[in-house]
1. Do you know which of the residues in region 241-251 that are open to solvent by less than 10 Å² (accessible area, probe 1.4 Å) and touching a Cys at 6+ places or on another chain (Cβ under 6 Å) is farthest from Gln327 (Cα to Cα)?
2. So for region 365-375 (the condition being modelled with pLDDT of 90 or more, open to solvent by 50 Å² or more (accessible area, probe 1.4 Å) and touching a helix residue (DSSP H, G or I) at 6+ places or on another chain (Cβ under 8 Å)), does at least one residue qualify?
3. Which is open to solvent by 40 Å² or more (accessible area, probe 1.4 Å) and at pLDDT 90 or above, of Leu443, Leu409, Leu423?
4. May I ask you to verify whether Ser203 is among the small types (Gly, Ala, Ser), in contact (Cβ under 8 Å) with a residue 60 or more places away in the chain and either closer than 21 Å to Ile87 by Cα or open to solvent by 40 Å² or more (accessible area, probe 1.4 Å) (or both)?
5. Of the numbered conditions (1) more than 22 Å from Ala46 (Cβ to Cβ); (2) β-branched (Val, Ile, Thr); (3) open to solvent by less than 40 Å² (accessible area, probe 1.4 Å), Ile103 fails exactly one; give the number of that condition.
6. At least 2 residues that are of a type in the set (A, V, I, L, M) and over 21 Å from Asn26 (Cα atoms) in each: list the helices (runs of 4 or more DSSP H) lying fully within region 103-206 that qualify.
7. If Asp467 satisfies every condition in (1) open to solvent by less than 30 Å² (accessible area, probe 1.4 Å); (2) assigned to a helix (DSSP H, G or I); (3) without any contact (Cβ under 8 Å) to a residue 12 or more places away in the chain but one, which is the exception?
8. Any residue at all in region 42-61 that's of a type in the set (Ser, Thr, Tyr), open to solvent by 20 Å² or more (accessible area, probe 1.4 Å) and at pLDDT below 65?
Amino acid sequence: MENLKEKTAKGIAWGAVNNGTTQVLNLVFGIVLARRLTEADYGILALITIFTLLAGCIQSAGFSQALANLKRPTRRDYNAVAWFNIIAGTLMYVLLFFCAPLIARFFNEPLLTDVSRLAFLAIPISALGIVPNAKLWIELRTREMAIANITALVASGCVGIWLACHGWGYWSLAWQQLTYISTSSLLKYGFTRWYPTLPIDMSPIRGMIRFSSKLLLTNILTVVSNNVLTFIFGKLLPIRTVGQFNQANKWNTIGHSFISNTMAQVAQPVLANVADEQERQERVFRKMLRFTAFVCFPLMLGLALVAHEFIVLTITAKWEPCVPLLQILCIGGAFLPLHTLYQNFIISRGRSDLFLYCVTLQIVLQIVLTLLLAPQGVMAMVAAFAALNIVFTPVWHFALCRICPFKALYALKDTLPFCMVALACAAAAYFATTWTTDLWVRLALRIIVTGTLYLGIMKVLHVKTLDECLDFIKKKR
């Protein structure tokens, strides 16, 4: 039990290093690129992102999670999944290569044909790295994952900035994405020293297909859910508006994905490891839930608080129209890490079907609400999207209750206090800093006041989650 606890703590710590460094680098590179590129440049790449992500879901087909749920995956299992991914990735690229003109015609953007054919190369390249990434993930080797991802991000960011500075426009974003995927896949092969071998034996796939097929559908729907607004906006609104929403959603995603990805790197493998001990699994889940709420609410509500200062000071006033969009998205985004944790618990119990049903319901509601509110404009559609993220949190809880008698009262006790304290601290910081009009001063004061108040209240109330974090840090010194 102590060994699992230590591995989980180390996994979360390295996951935090990985995602924290990733978000800082994304912040730096994003600021430089946003200053060099236009709203239209970001809008063009945003329109094809959904196709790249959907193809990536189809090629992986949920087999990484299926491998994680096997007690002892063998080389035959890994080899079968690797060859499936490679074959599927190649076929998906060929299909999308010939569909590129149709995509351009649908959005009435002729430029999409050539740039999408380049961007879609990420699909077969990423297929090569899926199994090495799965091995590192299953074995909780988050240190190696962190090194690979950070190195790839630095390399791709430098490529993107160099091209943007030399006038490549939206092409710089496409090459940045391709460089990241290639570098990350290559490094993960180096860390695992694993590669697919002949002959090709697909028989292990049959044993995983029932579980993974539901995850495949779920992952497809999740991609649609996360990108439905961009897709609809691309059809209904000017490309500049698509770029503004894409910029706002990018910063929102950087915020909530920090904690979501940190927990996702350890949650399913750890929860699957204790799946046979229901009481112990519930204790592990509750501790993860408290830690997630402890971090995500002050982070996302704080980002909403400083959105105006942050956008204007970093990527200039030309992006100011995206500020209210970012603020709305951050409020809904504060609940997404909780969704991720619930999803990992459900998957760890082998209930990919329940996961599928919930995601299907969520995407249907998102599409219906978005289309109904389309005449009201972009703000109304984004507000409905964010509100649904909040309202859907109890749905994930009750889905979990179908397989585990986890009381709603426990979930509220583990999350609601952090939300209320973070909200009160952000409100106090807002009113305490209205006296100054200097954006740099106001940005700094709001961050300092919110952070100091939040941590101070946590310390005064002797919140166990904070004490555990401080104890872990002290042991590592």
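The values are calculated or read from the model by the stated rules, or taken from the named source; none is laboratory data. Here the structure is a predicted model, which is why all the values come from computation and not from measurement. Positions of Cβ are generated from backbone atoms using ideal geometry, with glycine treated the same way; all protein chains shown enter the neighbour counts. Surface areas here come from the heavy atoms of the whole protein model, side chains and all, with no ligands, DNA or RNA. Shrake-Rupley method; radii C 1.70, N 1.55, O 1.52, S 1.80 Å.
1. Among those that are open to solvent by less than 10 Å² (accessible area, probe 1.4 Å) and touching a Cys at 6+ places or on another chain (Cβ under 6 Å), it is Gln247.
2. Scanning region 365-375, I find no residue that is modelled with pLDDT of 90 or more, open to solvent by 50 Å² or more (accessible area, probe 1.4 Å) and touching a helix residue (DSSP H, G or I) at 6+ places or on another chain (Cβ under 8 Å), so the answer is no.
3. Leu423
4. So Ser203 passes the test.
5. (1)
6. 112-119, 122-138
7. Here Asp467 meets the rest and fails (1).
8. Looking for residues that are of a type in the set (Ser, Thr, Tyr), open to solvent by 20 Å² or more (accessible area, probe 1.4 Å) and at pLDDT below 65, one finds at least one in region 42-61, hence yes.
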